[in-house]
Amino acid sequence: MTTLILSSPSCSSSYIHHRKSGCSESSIRGILGTRKQHRRRGGAAPTWALIPRAHENEEEDEKKKNKIELQAVKPLAFGAPIKRRRAKNAPTKRKPELSQKERAMFTALNARILECASAEQIGKILEEEDVSLSDVNVSTIFSLLGRKCNSKKKKKTKTDDGDDGDDDLGGWNALAIERLMTSEAFREKVLSRCEKDGFSNSSRIVSTILWSIARMKQGKVAFVENGGFESVWVSLENGLERVCKEQRTLLFEKIFPEYMPPKSCASIVWAYASVGKTVIPEHLRNAIESIVIKKISECSAGDIAVATWGLTRYGVDISAKNRNKYWKSIKERLLEPEVFEKEMHLENAARLVSASGAVSSGFYADFVVELARKAARDMSYKKNEGKMGTREYGHVVAMLVGLASSTSSSGTTDSGDGASKRESEEDTDRALMEALDPIFDEIIKTPQVFKPKQLAQCANAITRIVFSRDKSNWYKGHDSLLENVGIDIGDIGEVQKIQNSTPSEDEERLRSSSFDVAIRALQSIFRACTTDANVLAQFETRDYTNLLWAAIKSRAKIPVEFLEQCEDYAIDNLDALNELDLVYFTYSLGNAQNSVEEKKKKNYNNETYNPTRYLAYAVSRAEELAKNGGFDANVHIAPLLNSFAKNKFNPGMMLIDKCEKIIQSESSAQSLRPTVASQIMWSFTKLEYIPSDETLEKIEAAWLNPSSDGLNFRDFQEGSSLLIWAHATLGKLPSADLLLKLTTPPTKKAASFWTPVSMWMTFWSLSLLYACVATTSEGKAVVETALNNFCEKIILPNGGIRADSLDKKGLGACYASILLLKGTSLQIAAKEAMPGDFEKVAKKQWILQKRKDSQTSKLQQQVEDSLRRLNVQFFEERELEDGLMRPDFFIESAAVENFLLGHRKTLSPNANLTKDIVLEVDGPHHFAISASTGHRTLLGSTAMRNFLLKERLGLRLGVILFDEWGQLQSSSERDKYVENILLETSGGA
């Protein structure tokens, strides 16, 4: 009851009147507050108010007051009106209440289910006709099956009556659970209820069922593995997704997170990850992320670890809108002393490190180190307590794999740049190695405690961590070829001493104590895997590829017998190899360069492994996989072609053409990475195949894409030099935009990352393009601009190209550049780029290299025989200009005149008897062939030879082509062919 009391505008008089009327203090404050708020809106104060009458029951009045206050402070959803009705199918809508009798019946039934000692007893309960299950009863059955299932299948025992009895695992083995699930009673009373989507009102029940299904799949229950619960899973998934979609506006309130508590969220995502479902529905995923953020204070370390691991299990990152807040929130929660010290054990730390490494976001490196250190301490504690088992060692391996595969771009710390940042990165690098020392020690002392599969994974992970090339991100694995860092982990872990050389940065890094422990751990793994037949007997395909990849990357000395055993396994299982396995085998075996003392003891002729036999099989398998469209340009094509190229093994035009079609496809071209494009182009060049124009366009587009600006400096300089070298060698002129891109460092600081090798490769390539490939004035102008740009922004800031920093091949190439640019507008640029006595030193090396390269082919011998039959006086591989050039055949002008006079009564007016003639025999290796058309194009290096002979030495050049020569059947035909070449070259024809 209320009474209408007219009060004066005065607040004080209203206060007195209300107090006399028996109003509580809070009621008066509410009334006065209303008057003040009304004045703020611009209106006059009301002259009356509704005042509650005093009640005799003060307790009831207090309850109503509290109810009013709670409603007043209730938070509102973002963007929602002040008053809102509950959604039609909201999860907070309750089902009809059970009667007391029904509740008692279901409670008793639940107790009976919990007392069951086997799956068979659950089946007997379900077979009772009067049994009706509640939602909780169904959840309890699934919970029991999930917790009790076991994958071990022991031999059956014979009962007294001779029948097969269950094994001694309490009736919860996979076979017993299989019999229960295939029974009619289970189908009718359990599965049918789940398939009707009746559990959307309780996320706890749904999470329990999904969790149990995943557990039973891990337990090798055939009914689950064969998809027996697929319809149940879809039904529950649809129910969750529908609820999450309808309640997405309530995610910031307290209602929805109460429906899905963090523990239920963790169980759901764990189930998805464990059964191999790579996609979690969008609204369900967003709901779980938001709930973890909203209820972070209620999350345990286990809930956070499981939820984060499940969300990122298949490389799917946290959604963009939640990403930063998610990682920040869970890190702050985990760093709470109570949580970090008591709850952050080995399993949780391993899951978090693995999750951070699976996505592009994740934790900063300093926190990853703390997680690794905590995990290592917990491993040491468990080992001392005798609690380290197969499962725990599996967590150790998972953490190492997470560290190795991490691709976070967040950096090592939250701030810092320049020298201080580099120093911080190096400190973090060393801190990680020190944190992992207990784990490495365990591998060194007792590698047998790990499963064979785990040993191979450890080898792969440690190699990625230790031999990473990207110093700005120590935990990022890199799939490019590593330079030899002088480590021989096949000889008791000792370091090879490089004579007369100063240890490089990588060598000093690997010789430090923390890295030495990791190297010895690798050595221990290789020894255990290559010498223990029992370990190899348990290896599967991925185990072989993991171990092989680690051995090649770390430059370990692996016995040739082991490599041959790997080869035999790959060939025997060729049809079963998928794209990735084939690439790993081909890359590893194709890059194996091992010298083993045991080979000498057994009197083997070859001291190195020859992968030719395997590569021949690999080509046929690659053709099948490429035909089925399974190859990806970024992942598979580059390492596959690289392996063939390094071994000079021609895979055939069919496979090359199929690889080109994959590169040209829209799906691959859109995501083709610049460094991969360069590696593909390098492989084409080494294999002497010229890409089609369409492939060249895709490769060029990869570098001109704005995403290439994000390359780290080391990858940029390596990729750009390889690409421009490939263009020059194939005699292909890049576009003006691409030339400018490849010769301009991303920043001024980036110029310092150019190595001497990259500088001479680029300079030689530009010189060749300018002199021999660019045939128009516009093309020469483009190359001239690029070369001047490269000298100004890269070579000169690095102090020029110094002779003492190059090997023999580099010196020879630089002298070729000097010869190509001599007498042109770029001659001064060449002199500035290679100052001092560089030309003198380089010329000496050029001459030595020409003498060393002297070889006589079968074709060249046949041409020599024809010249002798024609009575032509010649010099074979005579040194010209003090060894500057060594042509196949040199014929002096006098000999040319005698030849012409002997074959023509009258000379042609065009005949030139004052110039000497050189003949070059061009075999197939002087050309690149198109896999799509079969057309051959002269290589740039051969064009350079022709240019130097004709333009620099002023000689007349005749070329004998191998394909034309191969069509000649008799000696007379060959003699006639050589005669025509001489006549055409001298102008006597």
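Overview of results
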read-out: Positions within the stretch 964-974 being surrounded by 16 or more Cβ atoms within 10 Å (Cβ to Cβ) and in contact (Cβ under 8 Å) with a residue 60 or more places away in the chain, in sequence order; value: TRP965, ARG974
read-out: When residues of the stretch 685-694 are limited to those that are assigned to a helix (DSSP H, G or I) and without any contact (Cβ under 8 Å) to a residue 60 or more places away in the chain, the one surrounded by the fewest Cβ atoms within 10 Å (Cβ to Cβ); value: ASP693
read-out: Filtered residues of the stretch 940-963 (kept if open to solvent by 10 Å² or more (accessible area, probe 1.4 Å), of a type outside the set (S, T, N, Q) and closer than 30 Å to LEU641 by Cα); value: ALA943, MET944, ARG945, LEU961, PHE962, ASP963
read-out: The stretch 162-180 residues that are closer than 16 Å to GLY123 by Cα and outside any strand (DSSP E or B), paired with ones that are open to solvent by less than 40 Å² (accessible area, probe 1.4 Å) and modelled with pLDDT under 50 (beta carbon under 9 Å, 6 or more apart); value: LEU175/ASP167; ALA176/ASP167
read-out: Positions within the stretch 108-141 being open to solvent by less than 30 Å² (accessible area, probe 1.4 Å) and either touching a Cys at 6+ places or on another chain (Cβ under 6 Å) or farther than 15 Å from VAL190 by Cα (or both), in sequence order; value: CYS116, SER118, ILE122
read-out: Qualifying residue in the stretch 948-956 (condition: in contact with a Ser or Thr (Cβ under 7 Å, 6 or more places away or on another chain) and without any contact (Cβ under 8 Å) to a residue 60 or more places away in the chain); value: yes
read-out: The stretch 827-881, subset β-branched (Val, Ile, Thr) and assigned to a helix (DSSP H, G or I), residue farthest from ASP963 (Cα to Cα); value: ILE828
read-out: Residues located in the stretch 287-303, provided they are among the polar types (S, T, N, Q), assigned to a helix (DSSP H, G or I) and open to solvent by 30 Å² or more (accessible area, probe 1.4 Å); value: SER297
read-out: All positions within the stretch 912-929 that are open to solvent by 10 Å² or more (accessible area, probe 1.4 Å) and more than 27 Å from VAL872 (Cβ to Cβ); value: ILE929
read-out: Residue in the stretch 439-453 that is at pLDDT below 90, closer than 30 Å to MET388 by Cα and open to solvent by less than 10 Å² (accessible area, probe 1.4 Å) present; value: no
read-out: Subset of the stretch 353-381 [out of contact with any Gly (no Cβ under 9 Å at 6 or more places or on another chain) and not small (Gly, Ala, Ser)]; value: PHE363, ASP366, PHE367, VAL369, GLU370, LEU371, ARG373, LYS374, ARG377, ASP378, MET379, TYR381
read-out: Entirely in the stretch 725-802, the helices (runs of 4 or more DSSP H) that have 2 or more residues that are closer than 17 Å to LEU820 by Cβ and open to solvent by 50 Å² or more (accessible area, probe 1.4 Å); value: 777-790
read-out: Residues that are part of a helix (DSSP H, G or I) and more than 42 Å from the chain's Cα centre (by Cα), drawn from the stretch 181-197; value: GLU184, ALA185, PHE186, ARG187, GLU188, LYS189, VAL190, SER192, ARG193
read-out: Residue check, SER720 part of a helix (DSSP H, G or I), buried (at least 24 other Cβ atoms within 10 Å of the Cβ) and at pLDDT below 95; value: yes
read-out: Output for the stretch 364-388, where each listed residue is under 19 Å from ILE318 (Cβ atoms) and part of a helix (DSSP H, G or I); value: ALA365, PHE367, VAL368, LEU371
read-out: Residues of the stretch 936-961 classified as in contact with a Leu (Cβ under 6 Å, 6 or more places away or on another chain) and under 16 Å from SER866 (Cβ atoms), total; value: 1
read-out: Checking SER361 against (1) open to solvent by 10 Å² or more (accessible area, probe 1.4 Å); (2) in a helix (DSSP H, G or I); (3) under 25 Å from PHE467 (Cα atoms), the condition it does not meet; value: (2)
read-out: Residues of the stretch 338-352 satisfying the condition of being of a type in the set (A, V, I, L, M, F, W, C), within 14 Å of ARG377 (Cβ to Cβ) and either part of a helix (DSSP H, G or I) or at pLDDT 95 or above (or both); value: PHE340, LEU346, ALA349, ALA350
read-out: Complete set of residues in the stretch 561-591 that are of a type in the set (Val, Ile, Thr) and either in the same structural domain as SER524 (by the TED database) or buried (at least 24 other Cβ atoms within 10 Å of the Cβ) (or both); value: VAL583, THR586
read-out: Scope the stretch 824-866; condition closer than 20 Å to ASN789 by Cα and open to solvent by less than 80 Å² (accessible area, probe 1.4 Å); matching residues; value: THR824, SER825, LEU826, ALA829, ALA830, ALA833, MET834, PRO835
read-out: Single match in PRO639, PRO651 (criterion: modelled with pLDDT of 90 or more and not assigned by the TED database to the domain that holds THR776); value: PRO651
read-out: The stretch 421-438, residues that are charged (D, E, K, R) and either open to solvent by 60 Å² or more (accessible area, probe 1.4 Å) or at pLDDT below 90 (or both); value: LYS421, ARG422, GLU423, GLU425, GLU426, ASP427, ASP429, ARG430, GLU434
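The values are calculated or read from the model by the stated rules, or taken from the named source; none is laboratory data. Everything numeric here is computed off the predicted structure, so don't read it as measured data. No Cβ is skipped: glycine too gets one built from the backbone with ideal geometry, and neighbour counts run over all protein chains shown. Remember, those area values only see protein heavy atoms, side chains included, never the ligands or the DNA or RNA. Shrake-Rupley method; radii C 1.70, N 1.55, O 1.52, S 1.80 Å.
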